[in-house]
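Every number here is computed from the coordinates shown, using simple stated rules; none is lab data. Owing to the predicted nature of the structure, the values given are computational and were not obtained by experimental measurement. A quick note on method: Cβ atoms are made from the backbone with ideal geometry, for glycine too, and the neighbour counts reach across all protein chains shown.
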Amino acid sequence: MATRTPKTTLKADKPETKIYVGDCRKIIPRLSPAKKQQVDLVFADPPFNWNVKYDKWHDGMPREDYLDFTKEWLDVCVDALAPHGAIWVNIPDDTAAEIVMHLKHERKLHMVNWCVWHFRFGQNRMGSFIMSKVHVLYFVKDPKNRIWNADDILEPSDRATTYFDPRTMNKKEGHGPSGKRVPMDVWYGQYWGRIQGNNKERWKRHENQLPEVYLERVIKACSNEGDLVMDPFTGSGTTGVVARALDRRFIGTEYSEENAKSAFERIVEKGAVRVGQGHANQSTAIFAPRSRSKAAQDATRV
């Protein structure tokens with residue numbers, strides 16, 4: 001009985017979308033795609049153990065218990081990955097190092113990038129610098145056999161938008177055409193802030209919510225249409241929203257039944273707000289554009 005596939009709590013088609021209610025550590029090993037290592041991409045934004053109210057989940061474990069919990073959910077996710085699969089983890093300072101060590105040394109995964117999601121309006125404090133980032137850890141099973149769609153995530157280069165360097169408009173194939181490049185490993189810009197207040201993306205009930213552009217970058221880069229994306233902590237449903245908008249199949253698990261129902265409503269009924277609206281064409285340069293004439297003069301001196 002214990003090995004039977006769990007009953008789907010919430011599901012939709014076109015593309016296939018499923019959310020299971022319960023502890024991801026128990027549910028994921030019993031899912032057929034997970035047992036067959038058929039998950040193409042895992043994205044995880046776990047509880048941070050910061051005493052946030054997550055309905056039924058206790059978010060204030062003793063530190064050692066939390067680290068054990070972290071390793072357990074990481075393991076079931078890694079076990080579910082296809083040989084070409086990738087896992088991304090969104091995590092703050094206090095647990096990033098432990099996750100990196102576990103995935104690199106215990107599970108023998110390859111770290112492709114240690115990115116940073118930078119946002120403004122961190123929680124105010126006087127005793128230390130204000131936290132304005134979360135770590136975005138990108139691991140794969142096989143660096144030589146992974147899904148990587150660089151062309152789908154290109155953004156304008158500073159050299160093109162700020163310095164008007166004519167050389168960047170004529171790069172050789174494979175190096176970013178027409179003044180574009182792969183994004184840097186610090187992520188910020190318009191629509192990349194924390195989702196709060198009257199933001200168009202804001203969904204009821206949920207304490208924390210990631211921006212759609214974040215998941216759009218991850219899902220486009222590391223999966224293809226029709227692939228299976230899994231989120232062990234469905235939360236407000238952002239991973240499912242973006243996966244569905246990009247024609248990926250989705251499996252989510254969520255500890256709270258009420259939160260699962262709310263996320264499913266957002267995924268299926270509200271849908272994506274910003275996906276596909278061309279935000280990849282927005283420059284993230286931090287300096288104002290120079291004059292074209294001055295830039296042309298500088299280019300001739302190189």
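Observations, loosely collected:
- Kirkwood hydrodynamic radius (C-alpha pairs) into Stokes-Einstein, the chain, 37 °C and 0.692 mPa s, D in µm²/s: 161 µm²/s
- Here 88, 203 are placed in order of increasing Cβ neighbour count within 10 Å, fewest first, which gives 203, 88.
- Projected label distance in nm at residue 108 and residue 185, using a 7 Å step from Cα toward the beta-carbon: 2.4 nm
- Based on the Kirkwood approach, the hydrodynamic radius assigned to segment 1-129 is 16.8 Å, with every pair of different Cα atoms included.
- The orientation-averaged projection of the convex hull spanning the C-alpha atoms of segment 69-171 amounts to 9.9 square nanometres.
- Alpha-carbon centroid distance for the pair segment 43-90 / segment 199-254, whole angstrom: 16 Å
- Contour minus Cα-Cα distance for residue 26 and residue 64 (0.36 nm per residue): 11.7 nm
- Label-to-label distance, residue 207 versus residue 35, with points set 7 angstrom from Cα along the beta-carbon direction: 3.4 nm.
- GNM flexibility winner over the chain from 134, 78, 39 (Cα, springs under 10 Å): 134
- Its relative contact order, with pairs defined as Cα atoms under 8 Å and 6+ residues apart, puts segment 1-84 at 32 percent.
- Ranked 204, 104, 141, criterion: other C-beta atoms within 10 Å, fewest first: 204, 104, 141
- Placing +1 on the Cβ of every Lys and Arg and -1 on the Cβ of every Asp and Glu, with nothing else charged, gives segment 178-261 a dipole about its Cα centre of roughly 320 debye.
- Comparing 9, 96, 81 along the charge dipole axis of segment 1-96, the residue lying farthest to the positive side is 9, per the Cβ-charge model.
- For segment 206-290, diffusion coefficient by Stokes-Einstein and Kirkwood Rh (Cα), 10 °C, 1.306 mPa s, µm²/s: 116 µm²/s
- Here residue 108 is the anchor, and the lysines within straight C-alpha reach of less than 29 Å, apart from those fewer than 8 places off in the same chain, are 26, 35, 36, 71, 133, 141, 144, 220.
- Binned Cα-Cα distances of segment 169-253, short to long, each 5 Å bin given as a whole percent: 3, 13, 20, 19, 18, 14, 7, 4, 2, 0
- Taking the fewest neighbouring Cβ atoms within 10 Å as the starting point, the ordered list for 73, 50 is 50, 73.
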